[in-house]
1. Only residues that are of a type in the set (A, V, I, L, M, F, W, C) and open to solvent by 30 Å² or more (accessible area, probe 1.4 Å): list them for segment 247-265, please.
2. Whether any residue in segment 93-110 is open to solvent by 50 Å² or more (accessible area, probe 1.4 Å) and on the phi > 0 side of the Ramachandran plot is what I want to check.
3. What's the number of the only condition in (1) exposed (fewer than 14 other Cβ atoms within 10 Å of the Cβ); (2) at pLDDT below 95 that residue 46 fails to meet?
4. Quick one: what pairs do we get from segment 157-168, first residue closer than 16 Å to residue 24 by Cβ, second among the hydroxyl-bearing types (Ser, Thr, Tyr) and open to solvent by 10 Å² or more (accessible area, probe 1.4 Å), C-beta under 7 Å, 6+ apart or different chains?
5. Being charged (D, E, K, R) and open to solvent by 70 Å² or more (accessible area, probe 1.4 Å) is the filter; apply it to segment 1-38 and report the residue that is modelled with the highest pLDDT.
6. Given 334, 330, which one is assigned to a helix (DSSP H, G or I), touching a Pro at 6+ places or on another chain (Cβ under 6 Å) and open to solvent by 20 Å² or more (accessible area, probe 1.4 Å)?
7. State which residue is nearest to the ligand (Cβ to nearest atom) when the search covers only segment 116-134 and only residues that are crowded, with 22+ Cβ neighbours inside 10 Å and farther than 16 Å from residue 354 by Cα.
8. Could you check segment 293-318 and list, in sequence order, the residues that are within 16 Å of the ligand (Cβ to nearest atom) and part of a loop (DSSP other than H, G, I, E, B)?
Amino acid sequence: MDMVTRVRGPDAVPSGQVSPVSSHDEWGMLEEVIVGRLEGAVIPSDHPVVTCNIPGMAARAQALFAGFRYPKIMIEPAQREIDGFVALLQSLGIIVRRPDAVDHRKRFSTPEWSSRGFCNSCPRDSMLVIGDEIIETPMVWPCRYFETHSYRPILKDYFQRGARWTSAPRPQLTDELFDPEFRVPKKGEPISYILTEFEPVFDAADFFRCGRDLFVTRSNVTNASGIEWLRRHLGDGYRIHEIKSCCPNPMHIDTTILPLGPGKILINPEYIDVDHLPAILKGWDILVAPEPDPITDPMLRITSLCGKWLNMNVLMVDEKRVIVDPHHIAMTRALENWGFEPILCEFLHYAAFGGGFHCATLDVRRRGTLKSYF
Ligand code: ABU
């Protein structure tokens, strides 16, 4: 019997077409990016898988106001920030695509449950770009179940122009997926997760890409079956390495560990034990993130859906230039000292919608080819 060789990467594009989707790492020169949106945003529902990842004060507000539209007082400053961020990216010559505005208050249902939506602020979570393929991820927050629909016009356009487009098996999100006994571990207790292995689930933001090597943290939105699904889907051309996080309520790798260029990796000293990094990273320069400059504005503190380490949630424009919030003075200085060129852009209010620059974007095309860096 003939051996069948799986062809991946740019060669898989129909003849005569160059895929508009092509990104193999987190640092090649950025040419095209999807940036999220705030219009129609709704406070996420108080399902245990949502609540367990939201900081204390915001979780209490969320429980009270779940399913209501975000108030103007939160939307307006964040809207100004995202507008400024888009203008900055465009001024750097980067093509910016945006999802459709959607009314996330509209209730939807599956045979087993119903929910209102959330928002499409963070395309980094719902789609994973591997080379010329975009994978819609099997997300676990019920309120995000149909989030990629607002990106479908963009996905169809990329598909027509030669990209590969995949949707991972849509999870059922029934009770069997969630451990009813789960509670966030206290300091010193072993890390545990709310998810069972009932079905594969993952958010794309639990992965980062270094060419043929991908790295992942298990979390309250990514289970071992989800990682295994991606491993089998990508096949022999890729290796997936798991990184242990000490975060008591882990959700998304990009405030825990993130590569800034080939051979350079930024780590969160609170969540990463350097001695337990995958051996393959041993030759890389470890850049230890400085303690975040404290957020003192009470409104920002109460409304943030994120942990304090958003100073790490930067976006590389290329191997040198990096977009960072001017509030994070210690991080800006550290980046300069490491030889990077920070570009400042205000973005603190976006945390109420789920993230920083890395979360708010999905790099669709970066210059560079598929390589092994190890
Ligand atoms: N979506 C990234 C935010 C993760 C965190 O709360 O640290």
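1. Within segment 247-265, the subset of a type in the set (A, V, I, L, M, F, W, C) is 247, 251, 253, 257-258, 260, 265.
Passing the criteria: only 251.
2. Initially, segment 93-110 is screened for residues open to solvent by 50 Å² or more (accessible area, probe 1.4 Å), giving 93, 95, 97-98, 100-103, 105-107, 109.
From what's left, on the phi > 0 side of the Ramachandran plot: 93.
Within segment 93-110, one or more residues are open to solvent by 50 Å² or more (accessible area, probe 1.4 Å) and on the phi > 0 side of the Ramachandran plot.
3. So the condition that residue 46 fails would be (1).
4. Final answer for the pair search is 163/19.
5. The initial filter retains those residues of segment 1-38 that are charged (D, E, K, R), namely 2, 6, 8, 11, 25-26, 31-32, 37.
If we keep only those that are open to solvent by 70 Å² or more (accessible area, probe 1.4 Å) too, we end up with 2, 6, 11.
On the way: 2: 31, 6: 39, 11: 46.
By that ranking, first place goes to 11.
6. Numbers: 334 fails: open to solvent by 20 Å² or more (accessible area, probe 1.4 Å).
Only one candidate passes the filter, namely 330.
7. Ranking the candidates gives 128 first.
8. Answer for segment 293-318, where residues must be within 16 Å of the ligand (Cβ to nearest atom) and part of a loop (DSSP other than H, G, I, E, B): 293, 294, 295, 304, 305, 306, 307, 313, 314.
The values are calculated or read from the model by the stated rules, or taken from the named source; none is laboratory data. Note that this is a predicted model, so its numbers are computed, not measured. For neighbour counting, all protein chains shown are included, and Cβ atoms are generated from backbone atoms with ideal geometry for every residue, glycine included. When the accessible area is computed, the model is the full protein with side chains, heavy atoms only, and any ligands, DNA or RNA have been set aside. Shrake-Rupley method; radii C 1.70, N 1.55, O 1.52, S 1.80 Å.
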